[in-house]
Amino acid sequence: EKGTYPHYMLKEIDEQPAVIRKIIQHYQDEQGKLVIDRDIIDAVNAADRVYIIAAGTSYHAGLVGKQFIEKMAKIPVEVHISSEFGYNMPLLSEKPLFVFISQSGETADSRAVLVQVKEMGYPALTITNVPGSTLSREADYTLLLHAGPEIAVASTKAYTAQLAVLAILAEVTAKSRSLEVGFDLIHELGLVANAMDVLCDSKEILEVIAREFFSVTRNAFFIGRGIDFYVGLEGALKLKEISYIQAEGFAGGELKHGTIALIEEGTPVVALATQESVNLSIRGNVKEVVARGANPCIISMNGLNMDEDSFVIPEVHELLTPLISVIPLQILAYYAALHRDCDVDKPRNLAKSVTVE
Ligand code: M6R
């Protein structure tokens, strides 16, 4: 139930810190170590390559999950859009493991791929929020998100839950291969949950920013480099699906290869700066768009922030920044939709689970 909240989306945004804490609990043993069923870890270790298959927000979670699995567990990962994969299958490795990410577990495009790869005899793991869902029943293994029902069409808490579960999967796999991940994931996820609390309490500032940048604009761009680029894609999807502003995410370095032609006087450009290694380059990209009239909204991480930034998020481990940098983007999208009198929880032309191909 919505309780005192005007919309499910706002309630679900606010539930994120609790969801992360619940996930830590669910995936922890009595000794306080992260654990995942041995069968699942064996299946990951038996694979020479992981193929993540997903749609929409879950696809964006997969892009970040690839970084987790490659950096921590050192297994190569490809991420594919479900609806493309079936007829445009890449050359597969000898021992693939298919990982389906789906909040609902009912997405028809993903199910079609699952049926296909099962026919080919490959193992499949589903990461879903819904126990007993089709994708969960038809795969060999399931990992649950424990995020509680997500009602708003725009996915919020499922995305951050997917990231947390993917990070745990990467960490447990790494440990099973005696690889040093170099940080304590339980501790770092605890810090993420605390940072989320701070962000959920910053709605008033974000409402003002949403009014300034999005109340009248026709379009908006989200830029970032590396992991920030993937979060930008998610920020753009959130904004477009509920506020109907044409929004696109781009890699900072790609702008000059075409997209920059779209920048006009006042075009909002949201730039993410959470990674030290690319902080100066993304700020260089901001200068390029500002020189062409863009209205920049820089969202940076504490420690990397500069005077011109619109919003600063608390510092967390650099691999885990997507779990918190997405939150201001979710809140901005929410207020943009509200200010534009859109139906936040039930945007036009969309359904919560897409059960047709
Ligand atoms: O249930 P799924 O995670 O498989 O759904 C995939 C997409 O349809 C879904 O993420 C969609 O993009 C959301 N409305 C985005 O907010």
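The values are calculated or read from the model by the stated rules, or taken from the named source; none is laboratory data. The structure displayed is predicted, hence computed values, not measured ones. Here Cβ is always computed from backbone atoms with ideal geometry, including for glycine, and neighbour counts include all displayed protein chains.
Beta carbons closer than 9 Å, at least 6 apart along the sequence or on distinct chains, pair a first residue in the stretch 282-308 that is over 18 Å from Val326 (Cα atoms) with a second that is among the basic types (Lys, Arg) for Asn285/Arg225; Asn285/Lys256; Glu288/Lys256; Met306/Arg283; Glu308/Arg283. Within the option set Val316, Val312, being free of Cβ contacts under 8 Å to residues at least 24 places away in the same chain and either assigned to a helix (DSSP H, G or I) or under 19 Å from Gln16 (Cα atoms) (or both) holds for one residue only, Val312.
Against the conditions (1) within 15 Å of Val117 (Cβ to Cβ); (2) of a type in the set (Asp, Glu); (3) assigned to a helix (DSSP H, G or I), Asp42 satisfies every one except (1).
Within the stretch 151-183, the only residue that satisfies the criterion of being closer than 24 Å to Ala333 by Cβ and surrounded by fewer than 18 Cβ atoms within 10 Å (Cβ to Cβ) is Ile151.
Of the set (1) in contact (Cβ under 8 Å) with a residue 60 or more places away in the chain; (2) in a helix (DSSP H, G or I), all apply to Phe221 but (2).
Does Leu169 satisfy the condition of being within 14 Å of the ligand (Cβ to nearest atom), outside any loop (DSSP other than H, G, I, E, B) and in contact with a strand residue (DSSP E or B) (Cβ under 9 Å, 6 or more places away or on another chain)? Answer is no for this residue. Residues in the stretch 139-164 that are among the aliphatic types (A, V, I, L, M) and within 9 Å of the ligand (Cβ to nearest atom): Ala152, Val153, Ala154, Ala158.
Looking only at residues of the stretch 117-138 that are part of a loop (DSSP other than H, G, I, E, B) and within 13 Å of the ligand (Cβ to nearest atom), we find that the one that is surrounded by the most Cβ atoms within 10 Å (Cβ to Cβ) is Asn129. Taken together, Leu262, Leu239, Leu255 contain a single residue that is modelled with pLDDT of 95 or more and surrounded by 15 or more Cβ atoms within 10 Å (Cβ to Cβ), which is Leu239. On inspection, Ala210 does not qualify as free of Cβ contacts under 8 Å to residues at least 60 places away in the same chain, part of a helix (DSSP H, G or I) and surrounded by 24 or more Cβ atoms within 10 Å (Cβ to Cβ).
Being within 22 Å of Thr160 (Cα to Cα), touching a Leu at 6+ places or on another chain (Cβ under 6 Å) and within 16 Å of the ligand (Cβ to nearest atom) is a condition met by at least one residue of the stretch 68-90. For the stretch 238-274, filtered to residues that are within 16 Å of the ligand (Cβ to nearest atom) and among the aliphatic types (A, V, I, L, M), the residue that is farthest from the chain's Cα centre (by Cα) is Ile245. Being modelled with pLDDT of 95 or more, within 10 Å of the ligand (Cβ to nearest atom), charged (D, E, K, R) and assigned to a loop (DSSP other than H, G, I, E, B) is a property that Glu94 lacks.
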